[in-house]
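The values are calculated or read from the model by the stated rules, or taken from the named source; none is laboratory data. This structure is a prediction, so every number in the text was calculated from the model and none was measured. Note: ideal-geometry Cβ built from the backbone for every residue, glycine included; neighbour counts use all protein chains shown. The area values use the complete protein model at the heavy-atom level, side chains included, leaving out ligands, DNA and RNA. Shrake-Rupley method; radii C 1.70, N 1.55, O 1.52, S 1.80 Å.
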Amino acid sequence: MIRNSLTDVFFTKDDVENLHEGVLRVLSEVGVKIENDEALEIFKQHGARVEDGTVYIGEALLNKALETVPANFELQGFDRTVQVGLDHDPVVIPTNGTPLVLNFDGSYSDTNTDDLVNFYKLIDTSDVMQVTSEIAVDVPGLDKTKDSLLAQTALLMKYSRKPIYNILGATIHNYKKGSVAQGVRENIQFAKKYYGYDDKYVIYSGTCVISPLGVGWEAMDHFMGFIKENQPISITACSMTNLTAPGSLYGSVVEDAAAILSIVVLSQLMNPGLPVLYTSLSSMSDMRYVQLCMGAPEFALITLGHIALANFYKIPVRVGGALGDAFKADYQAGVESFVGLMAPMLSQAAMIPHGCGTMGSFNLTSYEKFIMDEETIRYLMRLRRGFEVSDKRKEKALKDITKVGPRGNFLGGRTPKEYREDNYLASEVFNRKGCKENTREEQGDIRDRAKKAYDARMEAYELPDTTLEQKKLLNTELPEQYKFDL
């Protein structure tokens with residue numbers, strides 16, 4: 001766990017308890033609208049008050065559910081596992097769900113299957129991304145004559161060694177041979193069969209509650225399917241101040257927390273011990289344009305409020321990200337991404353979604369910004385680590401200072417171990433060669449350096465070494481142009 005979390009800077013213990021008191025009042029007095037009869041019956045059976053589809057949850061029932069939420073869990077990928085939770089550093093995952101792409105030549109286009117593959121390769125070769133996810137869903141290039149749900153999952157699996165996040169799961173648009181709930185479960189079973197595990201967490205997913213204080217039928221089908229298939233769920237709030245949440249940041253956090261916790265409680269009533277992720281992507285709205293602003297400083301403040309509450313409840317939290325409102329990979333995009341990443345990276349967050357590449361208020365993914373955001377994450381990882389202040393470090397440093405004395409220098413001999421341990425030497429994407437005449441033209445623009453890094457990654461990428469049976473399974477669902485040659 002990080003020492004001196006940013007949440008401790010912004011919120012006292014009394015502040016967090018005040019937020020919690022607000023959450024309890026909303027849960028018990030206002031309630032949450034749940035659009036699923038089976039879920040309503042489960043709440044009733046466990047003593048919750050249910051009236052006209054609204055569930056009222058008391059403190060005792062909330063506390064009972066929180067007792068079984070695991071602090072940590074493990075996600076299984078193709079050839080590796082990832083530890084997620086309160087006792088681990090944040091797991092960074094990429095952007096997901098963006099309908100548009102900003103290309104290297106500055107043009108904008110609809111995200112298509114080739115873009116998906118390109119980004120999956122970037123994610124798979126990334127040293128900061130530990131989980132992969134669908135960059136977009138229901139995109140051009142998929143066979144529209146058949147359900148696209150499993151095709152998108154198969155495409156993700158083909159190019160990914162890392163554990164997977166299934167962004168939206170089944171919908172009425174991508175699964176038509178049965179109910180949404182059936183589609184959710186079939187998709188999970190497909191993943192279990194591919195990985196060859198029935199008793200591990202091989203796919204996690206989430207969807208949004210409806211602000212204010214509702215969980216729609218489609219989201220409920222999604223949650224119920226994952227709970228029944230014993231796979232982790234991310235319960236996401238994405239509200240807008242003064243539109244779908246109160247005007248105050250306090251009100252935004254409290255309202256969102258109540259809706260999220262209603263599904264946390266349901267998950268533990270149905271499947272005690274199931275991993276859940278408390279997720280917020282809420283931010284302020286700019287009423288001048290009636291626009292959700294993901295690059296605003298208030299996004300970071302709301303994020304910190306949710307981290308403080310989730311840590312109070314001992315639930316792994318999934319928040320923040322390299323989000324923003326800019327349309328270009330420019331100075332604005334860099335500032336917005338740093339602010340959105342800083343809050344969870346310097347706090348005790350379990351996961352950071354939208355870690356690289358997202359722009360334009362969830363609408364845009366940028367190739368070049370993906371590469372740049374990776375470097376921002378490396379900087380923040382270094383900040384998170386702090387530096388060693390120990391007797392050993394003290395004695396070594398004082399010995400060196402005494403030896404060199406005033407007006408000397410410390411250059412000479414081998415580079416000391418403590419220098420290598422204490423300093424992060426940036427990648428070639430960022431320029432550290434100084435503004436010297438012989439380096440200005442050589443270094444070029446940061447976009448040029450990002451493109452160079454991208455090209456090297458694409459060239460170095462190799463497919464996971466799948467078995468013949470795995471290839472046959474994926475071929476049953478892959479779009480025609482991406483099938484394996486068997």
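Scan the stretch 305-336 for residues that are in contact with a Ser or Thr (Cβ under 6 Å, 6 or more places away or on another chain) and more than 18 Å from Val101 (Cα to Cα) and the total you get is 6.
Whenever a residue of the stretch 135-163 is under 19 Å from Tyr201 (Cα atoms) and open to solvent by 20 Å² or more (accessible area, probe 1.4 Å), its partners that are in a loop (DSSP other than H, G, I, E, B) and of a type in the set (Gly, Ala, Ser), lying with C-beta atoms within less than 9 angstrom and at least six residues away or across chains, give the pairs Arg161/Gly77.
Being over 14 Å from the mean Cα position of the chain (by Cα), within 30 Å of Pro140 (Cβ to Cβ) and open to solvent by 50 Å² or more (accessible area, probe 1.4 Å) holds for only one residue in Asp79, Asp115, Asp105, Asp87, and it is Asp105.
Residues that are surrounded by fewer than 24 Cβ atoms within 10 Å (Cβ to Cβ) and among the aromatic types (Phe, Trp, Tyr) within the stretch 254-305 comprise just one, Tyr289. Per this entry, Gln443 is not counted among residues that are polar (S, T, N, Q), open to solvent by 30 Å² or more (accessible area, probe 1.4 Å) and at pLDDT below 95. Among residues of the stretch 241-263 that are at positive phi, those with a beta-carbon under 8 Å from a residue that is open to solvent by 10 Å² or more (accessible area, probe 1.4 Å) and in a loop (DSSP other than H, G, I, E, B) at least six positions away or on a different chain give the pairs Asn242/Met287. Determine whether the stretch 186-209 contains at least one residue that is of a type in the set (S, T, N, Q) and more than 21 Å from Val265 (Cα to Cα). So far as the stretch 186-209 goes, yes, one or more of its residues are of a type in the set (S, T, N, Q) and more than 21 Å from Val265 (Cα to Cα).
Residue-level check: of (1) in contact with a strand residue (DSSP E or B) (Cβ under 7 Å, 6 or more places away or on another chain); (2) not in a loop (DSSP other than H, G, I, E, B), Arg382 misses just (1).
Restricting Lys162, Lys144 to those that are modelled with pLDDT of 90 or more, of a type outside the set (Val, Ile, Thr) and not in a helix (DSSP H, G or I) reduces the list to Lys162.
Leu75: hydrophobic (A, V, I, L, M, F, W, C), over 29 Å from Val317 (Cβ atoms) and not in a loop (DSSP other than H, G, I, E, B), yes or no?
No: the conditions fail for Leu75.
So for the stretch 353-364 (the condition being open to solvent by 70 Å² or more (accessible area, probe 1.4 Å) and either without any contact (Cβ under 8 Å) to a residue 40 or more places away in the chain or within 24 Å of Gly106 (Cβ to Cβ) (or both)), does at least one residue qualify? Give the derivation first.
Of the residues in the stretch 353-364, the ones open to solvent by 70 Å² or more (accessible area, probe 1.4 Å) are 363.
Within this subset, residues satisfying the condition of being either without any contact (Cβ under 8 Å) to a residue 40 or more places away in the chain or within 24 Å of Gly106 (Cβ to Cβ) (or both) are 363.
Checked against the condition, which is being open to solvent by 70 Å² or more (accessible area, probe 1.4 Å) and either without any contact (Cβ under 8 Å) to a residue 40 or more places away in the chain or within 24 Å of Gly106 (Cβ to Cβ) (or both), the stretch 353-364 yields at least one hit.
When the residues of the stretch 53-76 are filtered to those that are among the acidic types (Asp, Glu) and more than 19 Å from Asp198 (Cα to Cα), the one that is least open to solvent (accessible area, probe 1.4 Å) is Glu59. Pairing each residue of the stretch 119-134 that is closer than 13 Å to Ala456 by Cα with any residue that is among the hydroxyl-bearing types (Ser, Thr, Tyr) and in a helix (DSSP H, G or I), provided the two are 6+ apart or on different chains, yields C-beta distances under 9 Å for Leu122/Tyr367; Leu122/Tyr454.
Of these, Asp400, Asp391, Asp445, which one is farther than 28 Å from Gly106 by Cα, among the acidic types (Asp, Glu) and out of contact with any Phe, Trp or Tyr (no Cβ under 8 Å at 6 or more places or on another chain)? Answer to the check: Asp391.
Find all pairs meeting these conditions: Cβ atoms under 6 angstrom apart; at least six residues apart or on different chains; first residue within the stretch 50-71 and within 22 Å of Arg318 (Cα to Cα); second residue modelled with pLDDT under 95 and surrounded by 13 or more Cβ atoms within 10 Å (Cβ to Cβ). Partner pairs satisfying both residue conditions: none exist.
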